[in-house]
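> Here it is: the structure, laid out below.
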Amino acid sequence: MIEAKNISFKYGGNSKFKVDDLSLTVEEGMMSCLIGKNGCGKTTVLKLLYGMLTPASGAVYVDGKKLCGKTLAEYHENVAFVGDNNWCDKDRTLEHNVELLSFLYPSFDREYFDKLLKKAGIGDKDDKTVGSFSTGEAVKAEISFALARRPKLVIMDEPLANLDPVYKTDILELLQDAVSENNMGILLSTHLLDEIEDITDKIYIMEKGKITKSGDRFELLGDDEGTKLRDIAKEKDSSG
Amino acid sequence: MNKMKRFHKYISKLNRERIGWIIIWITAMLSMPLNGNGSGEDLSGMFTVSSIILIFIAAMDYVDKYLDIDEPDWDCGIFTAIYGGMNGRFEILMHSHSFDTGSYFKILMTGMIPMQIITIVYLAVLRFFDLIAADVVVFPALATVLIPPVVVLLRAFRFQYLLMHDRSTGSLVLRGIVISLYGMARLLIFAIVFILMMFIGFSAITQDLVMRGIADNEVASSMVSSGPAFILAIIGDIILCYIINNGLGGGKRHRKLRVAALICALVLILTGTGIYLYQSVYNNVILREDSVSVRRNGNITEYTLDDVQSYRVYAERNESFQIELYFKDGKSQRLILDSSEDTNAWRDKYFSYYNYAAELVQKLNERGINGRLEDQAVLNKIVSTNLDPRCAEGYRIIEQLTEAGH
């Protein structure tokens with residue numbers, strides 16, 4: 001379980017906090033969703049949770065222990081991040097990349113990876129350079145690799161952005177299976193509330209660096225507030 | 001650690017096609033020409049500087065071999081093979097993954113030890129058989145012990161900088177300074193290597209051109225004033241090394257600027273080369289035991305010692321020794337120019353230009369041709385502190401002769 005407790009962060013030179021006294025929890029076996037408008041700080045929160053950034057105040061705890069530089073490498077073996085453009089070498093084939101990177105993850109499951117690729121419809125692409133993949137295929141490859149590492153938790157930064165409905169469906173199926181079959185915890189950020197509301201267990205609403213609302217999806221989406229949330233999402237969707 | 005060892009082995013396998021500077025390091029050290037006079041004095045400076053440069057290059061290449069997994073943006077054939085790829089991608093890639101930096105660099109550190117041991121043993125053997133002076137061995141030995149770990153540490157520092165999550169200002173500034181110094185040192189080393197290669201190339205070409213018609217058993221030396229040639233070539237060289245080291249860049253505009261810089265570099269190098277070749281062939285001075293041939297823009301004037309009206313021995317602005325002859329036709333000529341090609345007979349007869357000048361002044365005095373010695377204080381200082389005793393001997397003779405001449 002990852003727990004962010006009162007974390008704040010601002011980028012160098014800025015007077016305003018991008019993330020301001022924020023707390024949230026990501027648990028195994030659950031799909032959590034972070035929703036908010038562009039620029040509200042969602043990506044920053046995810047990077048803080050992953051350890052790419054260090055909070056100015058507050059801390060991230062992993063199974064009760066504070067995350068720090070010394071424990072980062074071990075932490076990253078159990079937690080994956082999706083949404084980083086540099087996760088692989090785009091001039092090499094997927095096969096080469098997996099061969100290179102699997103050394104770093106003893107728990108990498110090659111069979112499961114091949115199965116995921118097949119399920120995602122890119123099973124025949126492992127001898128192609130990753131740079132030649134379409135956006136959707138690249139996202140699927142990244143997610144497949146992340147899931148095949150058998151992490152306890154996966155943090156995803158807008159994995160569904162700019163994808164057509166077919167790709168979105170494939171990806172959401174992969175994520176659902178990972179949660180239900182492998183007890184993985186997933187935290188993803190998105191503004192596509194409609195697509196994820198049926199599969200997410202917990203929702204965090206973010207605004208101007210703060211969590212304004214959080215709770216079970218049934219609590220949040222089943223009333224007038226839920227309608228408001230959908231409206232926010234639609235507004236974002238049409239502007240984004 | 002085992003995971004990192006396997007990863008280290010895998011990267012090594014990927015980069016096996018690179019030319020191993022490690023092999024070149026050891027081979028170059030083993031085949032470095034040693035001084036024929038047994039004391040190592042004459043080549044001591046060259047040996048010391050060359051070996052330190054080689055050690056630095058080998059250490060850098062060794063580290064790059066294990067932190068390099070991709071082809072560069074600009075594949076330039078032999079240079080790609082020698083200098084490898086743009087290694088920034090490795091750090092960027094590892095930033096996204098659980099990479100145990102500490103363990104990996106520990107493996108790199110320990111991996112260097114066999115090469116360091118071989119080099120130290122080689123230096124010890126040279127010293128044991130008295131093939132090289134003790135003071136000459138010391139600096140390369142120190143360099144072998146100190147430089148490779150420093151290079152690895154600096155690279156680890158840079159690696160951590162790119163991977164680090166804690167970007168506090170003080171830490172960033174310090175790391176930035178270290179990385180800049182490392183980058184500058186690396187560029188300087190590349191530039192020096194290129195200059196040395198160019199120099200060797202020039203010498204090979206000009207020797208043939210300039211010394212054509214002069215037998216090796218003839219006592220002769222050809223002097224050339226290179227003018228701005230070397231400066232232009234060096235500037236071009238540094239720019240070229242920067243481009244090769246950093247590639248042509250990513251964005252279109254960036255690429256255009258770098259391509260323009262590359263063209264400028266090549267123009268500078270070619271211009272410098274052209275000037276030097278022109279000077280070597282069409283503007284040179286050939287010194288012989290009893291004559292001086294002066295070629296100006298292709299026209300040759302031969303002067304014997306009887307054509308000399310007077311002479312002057314002095315120190316140039318950069319405190320180097322100079323002798324100038326004034327001829328009866330009103331012209332004058334400085335004899336010791338920027339670079340020279342000597343026959344073996346010249347080298348056998350004269351240890352240095354001090355000794356040549358001493359003999360020349362003696363012959364001129366015998367003919368009743370007077371000259372003057374200037375800048376004695378400067379020349380005395382050079383002679384007493386920097387010169388080989390044989391050069392100093394030559395200068396003392398000049399001092400006595402010019403006084404006697406007065």
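> Is there a residue in the range A:113-130 that is among the hydroxyl-bearing types (Ser, Thr, Tyr) and in a helix (DSSP H, G or I)? Give the derivation first.
Taking the range A:113-130 first, the residues among the hydroxyl-bearing types (Ser, Thr, Tyr) are A:129.
Those left that are additionally in a helix (DSSP H, G or I): none.
No, every residue in the range A:113-130 fails to be among the hydroxyl-bearing types (Ser, Thr, Tyr) and in a helix (DSSP H, G or I).
> Within the range B:380-398, is even one residue more than 26 Å from the chain's Cα centre (by Cα) and outside any helix (DSSP H, G or I)?
Scanning the range B:380-398, I find no residue that is more than 26 Å from the chain's Cα centre (by Cα) and outside any helix (DSSP H, G or I), so the answer is no.
> Would you check if B:VAL294 is part of a strand (DSSP E or B) and under 23 Å from B:ARG396 (Cα atoms)? Steps first, answer last, please.
Working: part of a strand (DSSP E or B): yes; under 23 Å from B:ARG396 (Cα atoms): no.
No.
> Filter the range B:79-121 down to the residues that are at pLDDT 85 or above and of a type in the set (Phe, Trp, Tyr) and list them by number.
Of everything in the range B:79-121, those that are at pLDDT 85 or above and of a type in the set (Phe, Trp, Tyr) turn out to be B:TYR104, B:PHE105.
> Answer yes if at least one residue in the range A:134-145 is at pLDDT below 75, among the β-branched types (Val, Ile, Thr) and touching a Leu at 6+ places or on another chain (Cβ under 9 Å), and no otherwise. Step through it out loud before you land on a result.
At the first step, the residues of the range A:134-145 found to be at pLDDT below 75 are none.
Within the range A:134-145, not a single residue is at pLDDT below 75, among the β-branched types (Val, Ile, Thr) and touching a Leu at 6+ places or on another chain (Cβ under 9 Å).
> Return yes or no: is A:ASP91 charged (D, E, K, R), under 28 Å from B:ILE11 (Cα atoms), facing chain B (nearest Cβ under 10 Å) and open to solvent by 20 Å² or more (accessible area, probe 1.4 Å)? Spell out the reasoning first.
Numbers: charged (D, E, K, R): yes; under 28 Å from B:ILE11 (Cα atoms): yes; facing chain B (nearest Cβ under 10 Å): yes; open to solvent by 20 Å² or more (accessible area, probe 1.4 Å): yes.
So A:ASP91 fits the description; yes.
> While we're looking at this one, here's another question. If I ask for residues that are among the small types (Gly, Ala, Ser), farther than 18 Å from A:ARG92 by Cβ and in a loop (DSSP other than H, G, I, E, B), which ones from the range A:131-164 would you list?
A:ALA161
> Can we say A:LEU34 is away from every other protein chain (no Cβ under 13 Å) and either at pLDDT 90 or above or open to solvent by 30 Å² or more (accessible area, probe 1.4 Å) (or both)?
Numbers: away from every other protein chain (no Cβ under 13 Å): yes; either at pLDDT 90 or above or open to solvent by 30 Å² or more (accessible area, probe 1.4 Å) (or both): yes.
For A:LEU34, the condition - away from every other protein chain (no Cβ under 13 Å) and either at pLDDT 90 or above or open to solvent by 30 Å² or more (accessible area, probe 1.4 Å) (or both) - is met.
> Another question, if that's okay. Determine whether A:LYS65 is open to solvent by 50 Å² or more (accessible area, probe 1.4 Å), at pLDDT 85 or above and out of contact with any Phe, Trp or Tyr (no Cβ under 7 Å at 6 or more places or on another chain).
Working: open to solvent by 50 Å² or more (accessible area, probe 1.4 Å): yes; at pLDDT 85 or above: yes; out of contact with any Phe, Trp or Tyr (no Cβ under 7 Å at 6 or more places or on another chain): yes.
It is true that A:LYS65 is open to solvent by 50 Å² or more (accessible area, probe 1.4 Å), at pLDDT 85 or above and out of contact with any Phe, Trp or Tyr (no Cβ under 7 Å at 6 or more places or on another chain).
> Continuing with this model, one more query. Residues of the range A:11-33 being charged (D, E, K, R) and closer than 21 Å to A:TYR61 by Cβ, which ones? Give the steps one after another, and end with the answer.
Initially, the range A:11-33 is screened for residues charged (D, E, K, R), giving A:16, A:18, A:20-21, A:27-28.
Listed by number, the residues that qualify are A:LYS18, A:ASP20, A:ASP21, A:GLU27, A:GLU28.
> Out of (1) within 26 Å of B:ILE275 (Cβ to Cβ); (2) at pLDDT below 90; (3) surrounded by 15 or more Cβ atoms within 10 Å (Cβ to Cβ), what's the single condition that is false for B:TYR303?
It is condition (2) that B:TYR303 fails.
The values are calculated or read from the model by the stated rules, or taken from the named source; none is laboratory data. Predicted model only: the values in this text are computed from it and were never measured. Positions of Cβ are generated from backbone atoms using ideal geometry, with glycine treated the same way; all protein chains shown enter the neighbour counts. Each accessible area value is taken on the protein alone, full model and side chains, heavy atoms only, with ligands, DNA and RNA left out. Shrake-Rupley method; radii C 1.70, N 1.55, O 1.52, S 1.80 Å.
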